[in-house]
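Enquirer: Pasting in a structure now, in structure tokens, and then I'll have a few things to ask.
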Amino acid sequence: MDLRIGNGYDVHALAPGLPLWLGGVLIDSPIGCIAHSDGDVAIHALCDALLGAMALGDIGKHFPDTSDEFKGIDSKILLGRVMELLTAKGWSVVNCDITIAMQRPKLAPYIVTMRECLAGIMGIPSDRVSVKATTTEKLGFVGRGEGCEVYAVALLSKS
């Protein structure tokens, strides 16, 4: 069995009046991510982890923010396209682990739904998808509520 691991990182600034999508789920929030797409920073980091494990570059290479094709696009579509690349090369996701750093809103009520959503897109059981949320104890741009950052890691296998 061939195994590969990839990590991903993404960050978006936050602004009032925008929708907040995280892990494919619309979060009830007065602030959202400033982005070319729907701004789902969790899915973007996960895509980078999956692409990195396959040595296929990053999300910007495949879905550039300079392209009108991806303006406002639902990031779940982007993850689906990454999964198509992955499966076409004979890879499957063993598991993934995502950490969302955001001061507010509290994300605990959404974690299970995020895990189920992401698992559904990747075609794996939800117990192979970990999503965690943390604050930065009011430190840095995340702590000041100026942005959201996400770290992701993914393990792939090829039989």
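Enquirer: Please list, or write none, the aspartates and glutamates whose alpha carbon is within less than 19 Å of the alpha carbon of residue 61, excluding same-chain residues fewer than 8 places away.
Expert: 10, 38, 40, 48, 69, 74, 84
Enquirer: Stick to the Cα atoms of region 58-124, pair each with every other, and give me the Kirkwood hydrodynamic radius in Å at one decimal. All intermediate terms of the calculation are to be shown ahead of the outcome.
Expert: Numbers: mean 1/r = 0.0717 Å⁻¹.
One over the average 1/r among Cα pairs gives 13.9 Å for region 58-124.
Enquirer: Given points 7 Å out from each Cα along the Cα-Cβ axis, report the residue 69 to residue 146 separation in nanometres with one decimal.
Expert: Going by the 7 Å Cα→Cβ label model, 3.4 nm.
Enquirer: Could you give the C-alpha radius of gyration of region 33-79 expressed as a fraction of 2.2 N^0.38 Å, taking N as the number of residues it contains? Provide the component values of the computation, followed by the final result.
Expert: Numbers: Rg = 10.0 Å, N = 47, 2.2 N^0.38 = 9.5 Å.
Scaled against compact globular proteins, the figure is 1.05.
Enquirer: Then there is this: Taking a probe of 1.4 Å, how large is the accessible area per residue of region 1-126, in Å²?
Expert: Working: 5790 Å² over 126 residues.
Heavy-atom accessible area per residue stands at 46 Å².
Enquirer: Going highest first, how would you order 50-63, 92-105, 32-45 by mean Cβ packing within 10 Å?
Expert: 32-45, 92-105, 50-63
Enquirer: Can you tell me the length gained on complete extension of the stretch residue 28 to residue 155, counting 0.36 nm per residue apart and subtracting the Cα distance? Mind showing how you got there, number by number?
Expert: Details: separation 127, 0.36 × 127 = 45.72 nm, distance 3.08 nm.
My answer for the length gained is 42.6 nm.
Enquirer: Still on this structure, please answer the following. What three numbers, in Å, describe the spread of the alpha carbons of the chain along their principal axes, ordered from the longest?
Expert: Result, largest extent first: 45, 34, 25 Å.
Enquirer: Next question. I want to verify the translational diffusion coefficient of region 102-159 in µm²/s; compute it with Stokes-Einstein, Rh as the Kirkwood radius over Cα pairs, at 37 °C and 0.692 mPa s.
Expert: Working: Rh = 13.0 Å.
Estimated diffusion coefficient is 252 µm²/s.
Enquirer: Under the definition of Cα pairs under 8 Å and six or more residues apart, what whole-number percent is the relative contact order of region 1-117? Don't jump to the answer; show the numbers that get you there.
Expert: On the way: 164 pairs, mean separation 30.7, N = 117.
Computed value for region 1-117: 26 percent relative contact order.
Enquirer: Further question: Taking all protein chains in place and a 1.4 Å probe, what share, in percent, of the accessible surface of the chain do carbon and sulfur account for? Intermediate values should be presented prior to the final figure.
Expert: Values: 4180 of 7590 Å².
Accessible surface attributable to carbon and sulfur in the chain totals 55 percent.
Enquirer: So if I take the centroid of the Cα atoms in region 106-122 and the same for region 33-98, what is the distance between those two points in Å?
Expert: First find each Cα centre; the distance between them is then 17 Å.
Enquirer: Percentage of Cα-Cα pair distances in region 1-63 greater than 14 Å, rounded to whole percent?
Expert: 57 percent
The values are calculated or read from the model by the stated rules, or taken from the named source; none is laboratory data. Nothing here was measured: the structure is a model prediction, and the numbers come from that model. Cβ coordinates were reconstructed from backbone atoms using ideal geometry, including for glycine residues, and neighbour counts include every protein chain displayed. Note: areas computed on protein heavy atoms with side chains; ligands, DNA, RNA excluded. Shrake-Rupley method; radii C 1.70, N 1.55, O 1.52, S 1.80 Å.
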